[in-house]
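*Asks:* What follows is a structure written as structure tokens; I'll ask about it next.
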Amino acid sequence: MKNANRKAAAAAYKERKAVAGIYALRCLATGERWIGRAPDLSTIQNRLWFTLRQGSFPHRDVQAAWNACGAASFVFEEIERLEDEPLAL
């Protein structure tokens, strides 16, 4: 990627509007569901999957289910978007 394109992409990323919301992680194998909140729904799944793959997820029961059932058993579900309300974390 050329330098000008890289700068334009970085500027576009910084100017985008983050949409906060509520999400669920669901294990299809066990039926378990974990609910969470995020200041930016468009980026949270990548962060969750990364920490689970690394074995460093902060909630041990979710990490244990991931280790036992595998990545293919997990789905990310967007529950609610909070577009007009700031999300207090």
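The values are calculated or read from the model by the stated rules, or taken from the named source; none is laboratory data. Since the structure is predicted, the reported quantities are computational estimates derived from the model, not experimental observations. Virtual Cβ from ideal backbone geometry, glycine too; neighbours counted across all protein chains shown.
*Asks:* Tell me, which residue of segment 39-56 that is modelled with pLDDT under 95 and not in a helix (DSSP H, G or I) is nearest to Ala71 (Cα to Cα)? Steps first, answer last, please.
*Replies:* Initial filter on segment 39-56 (modelled with pLDDT under 95): 39-43.
Retained after the next criterion (residues that are not in a helix (DSSP H, G or I)): 39-40.
Details: Pro39: 24, Asp40: 22 Å.
Here the answer is Asp40.
*Asks:* On to the next question. Filter segment 56-87 down to the residues that are farther than 16 Å from Ala29 by Cα and free of Cβ contacts under 8 Å to residues at least 12 places away in the same chain and list them by number. Give the steps one after another, and end with the answer.
*Replies:* Kept after step one, since they are farther than 16 Å from Ala29 by Cα, are these residues of segment 56-87: 56-60, 78-87.
Listed by number, the residues that qualify are Ser56, Phe57, Pro58, Arg60, Asp84.
*Asks:* Consider segment 1-28. How many of its residues are over 30 Å from Val62 (Cβ atoms) and either part of a helix (DSSP H, G or I) or among the basic types (Lys, Arg) (or both)? Reasoning before the result, please.
*Replies:* Pass one, segment 1-28, residues over 30 Å from Val62 (Cβ atoms): 1-12, 14-15.
Now narrow it down to the ones that are either part of a helix (DSSP H, G or I) or among the basic types (Lys, Arg) (or both): 2-12, 14-15.
Result for segment 1-28: 13.
*Asks:* Then there's this: Looking only at residues that are among the hydrophobic types (A, V, I, L, M, F, W, C) and in contact (Cβ under 8 Å) with a residue 60 or more places away in the chain in segment 20-47, which one is surrounded by the fewest Cβ atoms within 10 Å (Cβ to Cβ)?
*Replies:* My answer is Ile22.
*Asks:* Among the candidates Arg53, Arg6, single out the residue that is of a type in the set (Lys, Arg) and either touching a residue at least 12 places away in the same chain (Cβ under 8 Å) or surrounded by 14 or more Cβ atoms within 10 Å (Cβ to Cβ) (or both). Spell out how you get there, then give the answer.
*Replies:* Working: Arg6 fails: either touching a residue at least 12 places away in the same chain (Cβ under 8 Å) or surrounded by 14 or more Cβ atoms within 10 Å (Cβ to Cβ) (or both).
When all the criteria are applied, what remains is Arg53.
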